[in-house]
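The values are calculated or read from the model by the stated rules, or taken from the named source; none is laboratory data. Keep in mind the model is a prediction, meaning the values are calculated, not measured. Because the Cβ atoms are built from the backbone with ideal geometry, glycine has one as well, and the counts that use them run over all protein chains shown. When the accessible area is computed, the model is the full protein with side chains, heavy atoms only, and any ligands, DNA or RNA have been set aside. Shrake-Rupley method; radii C 1.70, N 1.55, O 1.52, S 1.80 Å.
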Amino acid sequence: MSTALPPTIELAQSHLLLLDAQSGFSDVVALAGNRDPRLSFDGPRADPDRHGRADVETLVLGRGLGVLDLWTARLSRYSFLAGPIAVDAAMAQALGLPEWVEKLVVLSGPRQRESEPPPDWFRDVEGRAELFPHGLPEQEEGRNLDLLAAIARRLQTALRLADEPGSAAARLLVPDYGRAHDITVYSALWLSPELLLERVRAVEPGAEFPAEISAAAQARARELMAPGDEGVIPDGYAVEVPLSFNGQDAGEVELGVYVEEAPPELLADRAEAFVGYQIRWIDPEFGSEHQSLGEEFQAMRVFASERIDRLAGAVIRAANGVAFDSDGFLVAEHQLG
């Protein structure tokens, strides 16, 4: 007769979303539902034949964890989340969890990795190359981890990744909390450039339209076009806010206005067409967010994020819009800084 593995061994072999006292499983499901409104959410009394319910009970309840309320959220045919699982001192020590962790959410899904190690040039501030040195997660596992990292970023928590062969210590992924600072406001209203600039200048007096493209630059662009290509007729416009932080150039915040042909699924049934008002920070060294972040850059990014929030609030009010961050999660006006 085989002996059941201890509960911490089973959990150590799963990717875990760590939750603090302020976060619950309902927060996790709400955020996941922002991306996929069809998300299935079942409670402890759900039919055990649905959504892998029996499998969850075998994985968790069958190991004596004493879970009183276990919920499941189906992410796909092969993947689901289960929780919340209360964390006691013994479990926290065995799993190597930070002191602030009070609950866990378990990810059940396939393991799919790239066949080659991450290239030497690949680096990200969340350290995935170091956490997955033999091959980054891809396909469904990659999508699942991207979702959990985005949720942890919004809740300002972390992930405890499944043990890998040869890993001696707990593998914690702490997301870059400031990464999802860009915001897009979706609206059925198209604001004229003059009206939008007026509303934006009410909160950012330095806002301006981009400089006109010089005749020489236009001529050079035409030289580079393929034969027969007459160029693209613009179907949008932009407003820019130059930034200065501690006396130095901090890039700019760009508010781009365009016709959105593929709005978030959460909005798909609200209107036939949407206007997107994308508000993003263009830092002085574009793309530096994907390298190591120094304290000065992080402070500059916080400064830019505050200006983005201010602009997003103005656009929400002017266009009666709905805002999403760059992780695809809803942002209510009262959540803006």
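Considered as a group, the residues in segment 157-193 that are of a type outside the set (A, V, I, L, M) and part of a strand (DSSP E or B) include one that is surrounded by the fewest Cβ atoms within 10 Å (Cβ to Cβ), and that residue is 171. Scanning segment 11-32 for residues that are of a type in the set (Gly, Ala, Ser), part of a helix (DSSP H, G or I) and either buried (at least 19 other Cβ atoms within 10 Å of the Cβ) or in contact (Cβ under 8 Å) with a residue 60 or more places away in the chain (or both) yields a count of 2. Checking the structure you have, find out if any residue of segment 119-129 is acidic (Asp, Glu), more than 26 Å from the chain's Cα centre (by Cα) and either modelled with pLDDT of 80 or more or exposed (fewer than 13 other Cβ atoms within 10 Å of the Cβ) (or both). No, there is no match, as no residue in segment 119-129 is acidic (Asp, Glu), more than 26 Å from the chain's Cα centre (by Cα) and either modelled with pLDDT of 80 or more or exposed (fewer than 13 other Cβ atoms within 10 Å of the Cβ) (or both). Taking segment 316-337 as the range and being over 19 Å from the mean Cα position of the chain (by Cα) and among the aromatic types (Phe, Trp, Tyr) as the test, no residue passes. Only a single criterion out of (1) under 23 Å from the mean Cα position of the chain (by Cα); (2) in a helix (DSSP H, G or I); (3) surrounded by fewer than 18 Cβ atoms within 10 Å (Cβ to Cβ) is not satisfied by residue 154, namely (3). When the residues of segment 130-151 are filtered to those that are part of a loop (DSSP other than H, G, I, E, B) and under 19 Å from the mean Cα position of the chain (by Cα), the one that is surrounded by the fewest Cβ atoms within 10 Å (Cβ to Cβ) is 138. Counting only residues that are more than 23 Å from residue 273 (Cα to Cα) and either modelled with pLDDT of 90 or more or of a type outside the set (D, E, K, R) (or both), segment 178-198 holds 4 of them. Count of segment 249-270 residues, restricted to those that are open to solvent by less than 60 Å² (accessible area, probe 1.4 Å) and in contact (Cβ under 8 Å) with a residue 40 or more places away in the chain, is 10. Of all residues in segment 74-130, those being closer than 18 Å to residue 143 by Cβ and aromatic (Phe, Trp, Tyr) number 2. Answer yes or no as to whether residue 111 is more than 22 Å from residue 327 (Cα to Cα) and open to solvent by 30 Å² or more (accessible area, probe 1.4 Å). Yes; evaluated as a whole, the condition is true for this residue. Contact map, segment 309-321: first residue part of a helix (DSSP H, G or I), second residue of a type in the set (D, E, K, R), Cβ cut-off under 7 Å, separation 6 or more or different chains; pairs are 310/204; 311/204; 313/333; 314/199; 316/333; 318/199. Residue 84 falls short on exactly one of the conditions (1) open to solvent by 20 Å² or more (accessible area, probe 1.4 Å); (2) outside any loop (DSSP other than H, G, I, E, B); (3) over 22 Å from residue 144 (Cβ atoms); (4) not aromatic (Phe, Trp, Tyr), and that condition is (3).
Residue 305 meets all of the listed conditions (1) surrounded by fewer than 19 Cβ atoms within 10 Å (Cβ to Cβ); (2) under 18 Å from residue 243 (Cβ atoms); (3) not aliphatic (A, V, I, L, M) but one, namely (1).
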